[in-house]
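Right, one structure below, let's go through it.
Each value in this text was obtained by applying a stated rule to the coordinates, not by laboratory testing. Every value quoted in this text rests on a predicted model; they were computed, and no experiment measured them. Because the Cβ atoms are built from the backbone with ideal geometry, glycine has one as well, and the counts that use them run over all protein chains shown.
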Amino acid sequence: MFSRELIKKMYLNTNSNGILLVPSLDYDASFCDIEDRGRIFKCALHWEKEETYGIKPDAGYMGEENTMAIWEQYIREYPEYEKLHGGIRAFCEAHDIKGYAANLFTFLVNSYCKLSAYDAPMIVLASAEVSLAYAYVINRFASKVERIDFLMDYVCQKSYFEPVETLTHNDLLMVTDYLSRDKNNIRSEKSGYFLLGIRLYGDTDAVYQRILEDTSKYIEETESIFERISGAEAYQIKRKYCLVEGIDSYGNNTTGLIFPKEANDAYTEYLFRKMTA
């Protein structure tokens, strides 16, 4: 069941400089101890160009058919790591498990295999599979991973990775594209307001600075623009940016009717013109 299509998308979404943004794995890798809502990982990747990812598995690919083989290779003696000085990292070294983040990957392999063995519900297993896919790519192809935290609703300094050294204009453009590409990437209220602000004000850097300086004031000023339209119309706009109740984790409206896509997009554009006139 391992996500071939997700890995293919990661390959295709990596920019010409080898940079890819992915959701944070801190929450999953810390037994839910690290609150990472809204955190993004900036990964520098070096894909092996001769392979076509997502079409067929490479030699080390973790398909469903060999999940237990991975367990046998990496995890069978996993409890030993608690006895070793250095924990999981020492365990990886002792068992020749290599990569940029072998300890992170090994932990999530273990979690995935346990969920599979416990016959976890498909929605739980699917979520673990997505996290494992990201960890697989980071471990095998990353040379550097940094965290981007400015969109976290509640900033937590705990992480398995260091903060981004310098957040550039290009980084902000990548964040904007990352959030726009998939509603499932909008994982915090601040992320939704960041994307909405760019649509309303048209200046990515200015919106970023306003969020850094005073997020509450920025949100209050943005909310005041909704006074120019009705409550139902405001709901339509906020639904687009996952800022209302009734939006599930995939960005789907679960309360009320949805227009056909073409009509919905046209109506939303009309509302933006009405708000900013």
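Once a ≥ b ≥ c are taken as the square roots of the eigenvalues of the Cα gyration tensor of the stretch 81-239, is the result rounded (a/c under 1.5), prolate (a/b larger than b/c) or oblate (a/b not larger than b/c)? Taking the square roots of the gyration eigenvalues as a ≥ b ≥ c, the stretch 81-239 is prolate.
Projected over every direction and averaged, the convex hull enclosing the alpha-carbon atoms of the stretch 94-147 yields 4.3 nm². Among the chymotrypsin sites (Phe, Trp or Tyr not before Pro) in the stretch 1-50, those placed in a DSSP loop whose Cβ has at most 13 other Cβ atoms within 10 Å are PHE31.
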